[in-house]
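Here you go, one structure.
The values are calculated or read from the model by the stated rules, or taken from the named source; none is laboratory data. These numbers were taken from a predicted model, which means no experiment stands behind them. Backbone-built Cβ (ideal geometry, glycine too); neighbour counts: all protein chains shown. Accessible surface areas use protein heavy atoms only, side chains included; no ligands, DNA or RNA. Shrake-Rupley method; radii C 1.70, N 1.55, O 1.52, S 1.80 Å.
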Amino acid sequence: MNPNDPAAVDMPPKPEYRQLSGVAESLQAIEEVVAGAQRTLRIFDISLSNRGFNSPARAEKLRNLLVAGRAHRILIALHDTELLERENPRLLLLLRQFPMSIEIHRTIAQAREAADPFIIADDHSVWRQMHYTQPRSIVALHSPADVLPIVQRFEEIWDLSELAVSATTTGL
């Protein structure tokens, strides 16, 4: 296919699915997922530790996502919000700058049993760790069919969570 062909420009990206076995691979995959977000990031994690959310480059990507549109959102559900202030001050700064665009919840009830952290970009890409104690994970890019069940899982977790950190108080 000729990349100069106008029809090639409108072609959606080809779906990609990879199994990952290490932390470095996961961090790179998370970067790919975050970079692919155009409207919404949905994040479920234990504490968001060691996911790269305090790096200047990641903070800039998140900021760019939020300034690109008033309806753009970052939704985060965590089991433990206590480490946010210490480990992710850049994320909390973004929360203060964009209080209507970022929500950080703490899981409650049955959602506390979830053990498979994931990050979803819009409805097309996902990084998912099989279990938070194991390094194995997957990334599915440009694959709505792979992402749909994880989006549904996020909605279930989100429904069983409560606002934990706000822009005006740390909520910790």
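Please give the number of the condition Tyr132 fails out of (1) at pLDDT 95 or above; (2) open to solvent by 10 Å² or more (accessible area, probe 1.4 Å); (3) closer than 16 Å to Ser47 by Cβ.
Every listed condition holds for Tyr132 apart from (1).
What pairs come out if I take residues in the stretch 17-46 that are free of Cβ contacts under 8 Å to residues at least 40 places away in the same chain and pair them with residues that are surrounded by 16 or more Cβ atoms within 10 Å (Cβ to Cβ) whose C-beta lies under 6 Å away, six or more apart or interchain?
Cβ pairs passing all conditions: Leu27/Gly52.
In addition: Return the residues of the stretch 79-101 that are touching a residue at least 60 places away in the same chain (Cβ under 8 Å), open to solvent by less than 20 Å² (accessible area, probe 1.4 Å) and over 25 Å from Gln134 (Cα atoms); say none if nothing qualifies.
Leu92, Leu95
Go through (1) surrounded by fewer than 18 Cβ atoms within 10 Å (Cβ to Cβ); (2) among the charged types (D, E, K, R); (3) under 20 Å from Trp158 (Cα atoms) for Arg42 and report which single condition fails.
For Arg42, the exception is condition (1).
Related question: With respect to the numbered conditions (1) modelled with pLDDT of 95 or more; (2) surrounded by fewer than 18 Cβ atoms within 10 Å (Cβ to Cβ), which one is the sole condition not fulfilled by Ile150?
Here Ile150 meets the rest and fails (2).
Can you list residue pairs whose Cβ atoms sit under 6 Å apart, with the first residue in the stretch 116-129 being open to solvent by 10 Å² or more (accessible area, probe 1.4 Å) and the second being of a type in the set (Phe, Trp, Tyr) and assigned to a strand (DSSP E or B)? Count only pairs 6 or more apart in sequence or on different chains.
Final answer for the pair search is Arg128/Phe118.
Just to be sure before I move on: is Arg106 crowded, with 17+ Cβ neighbours inside 10 Å, part of a helix (DSSP H, G or I), modelled with pLDDT of 90 or more and under 18 Å from the mean Cα position of the chain (by Cα) in the structure I sent?
no
For Ile119, state whether it is touching a Leu at 6+ places or on another chain (Cβ under 6 Å), closer than 20 Å to Val147 by Cβ and not in a helix (DSSP H, G or I).
Judged against the criteria, Ile119 is not a match.
Now for a separate question. Exactly one condition in (1) at pLDDT 95 or above; (2) part of a loop (DSSP other than H, G, I, E, B) is false for Ile43; which is it?
(2)
Name the residues in the stretch 65-78 that are free of Cβ contacts under 8 Å to residues at least 60 places away in the same chain and open to solvent by 20 Å² or more (accessible area, probe 1.4 Å), would you?
Val67, Ala68, Arg70, Ala71, His72, Arg73
Next question, about the same structure. Please work out which one of (1) more than 17 Å from Val33 (Cα to Cα); (2) of a type outside the set (Gly, Ala, Ser); (3) in contact (Cβ under 8 Å) with a residue 40 or more places away in the chain is the condition Thr133 fails and give its number.
Looking at each condition in turn, Thr133 falls short on (3).
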